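Working notes, structure below.
The values are calculated or read from the model by the stated rules, or taken from the named source; none is laboratory data. These numbers were taken from a predicted model, which means no experiment stands behind them. Heads up, the Cβs are rebuilt from the backbone with ideal geometry, glycines too, and the neighbour counts pull from every protein chain shown. Only protein heavy atoms, including side chains, enter the accessible area calculation; ligands, DNA and RNA are left aside. Shrake-Rupley method; radii C 1.70, N 1.55, O 1.52, S 1.80 Å.
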Amino acid sequence: MAKTGKNMELPNETAPPKKCLFDRVAEYLDANDWRYTAHQESGYISMECRIAMASVRVVLTVTEGDRLNRILAFSVYPVFVPENRRAAVLAAMNEINFRLVSGCFEMDPADGQIRFRTLMESDADFTDPLLERVLNGNLATADRHFAALMAVMFAVAGQEGANELVTRPEGTTLQ
């Protein structure tokens, strides 16, 4: 082989250390001006978010696994369903859940707290568009069904009216 006189050594570059998923989520929230409280030792982030008719508490549970990473998002409604209205609200939530493609509404049987839950799993890095989809998708669905669930909870609508409220086409308003 002929000598070329060029140094064929590879540069001694080291890749920056990969951030843990929790730090990646916090970085995304910081870059998008979200105010939040990080509980890294417990693996979750919490924050208050304003939707059209209320403020909800959002909890993002971040889990890194050997094969899959997960972000579990909860939007927690600011009201508790009284015991005498829980069956009606659960029926309305079942109607909504049946039509959802992703996520589900759930109620804590002990106190009547309503939450909307979504999960995003990935075996690759969570990009900004994925993180946006997790958070904004969760909030949009919680917002879309808030008025209908409150109407059922406060007995503003009977069962037939409640079914109409929770099955209304997207983009229609309540009047």
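Selection over the range 35-44 of residues that are of a type outside the set (Gly, Ala, Ser) and either surrounded by 15 or more Cβ atoms within 10 Å (Cβ to Cβ) or not in a loop (DSSP other than H, G, I, E, B) (or both) gives a count of 4. Of all the residues in the range 56-83, those that are touching a residue at least 60 places away in the same chain (Cβ under 8 Å) and among the small types (Gly, Ala, Ser) number 2. The set of residues in the range 98-114 that are at pLDDT 95 or above and open to solvent by less than 50 Å² (accessible area, probe 1.4 Å) comprises Gly103, Cys104, Phe105, Glu106, Met107, Asp108, Gly112, Gln113, Ile114.
Quick one: how many residues across the range 45-57 are in a strand (DSSP E or B) and either modelled with pLDDT under 95 or closer than 22 Å to Val79 by Cβ (or both)? Total meeting the criteria: 8. Within the span defined as the range 56-77, every residue fails to be farther than 28 Å from Glu41 by Cβ, in contact with a Gly (Cβ under 8 Å, 6 or more places away or on another chain) and surrounded by 15 or more Cβ atoms within 10 Å (Cβ to Cβ). Of the listed requirements (1) farther than 13 Å from Arg115 by Cα; (2) in contact (Cβ under 8 Å) with a residue 40 or more places away in the chain; (3) under 13 Å from the mean Cα position of the chain (by Cα), Met53 misses just one: (3). Residues that are open to solvent by less than 40 Å² (accessible area, probe 1.4 Å) and either over 20 Å from Ser55 (Cα atoms) or in a loop (DSSP other than H, G, I, E, B) (or both) within the range 21-34 comprise Leu21, Phe22, Val25, Ala26, Tyr28, listed in sequence order.
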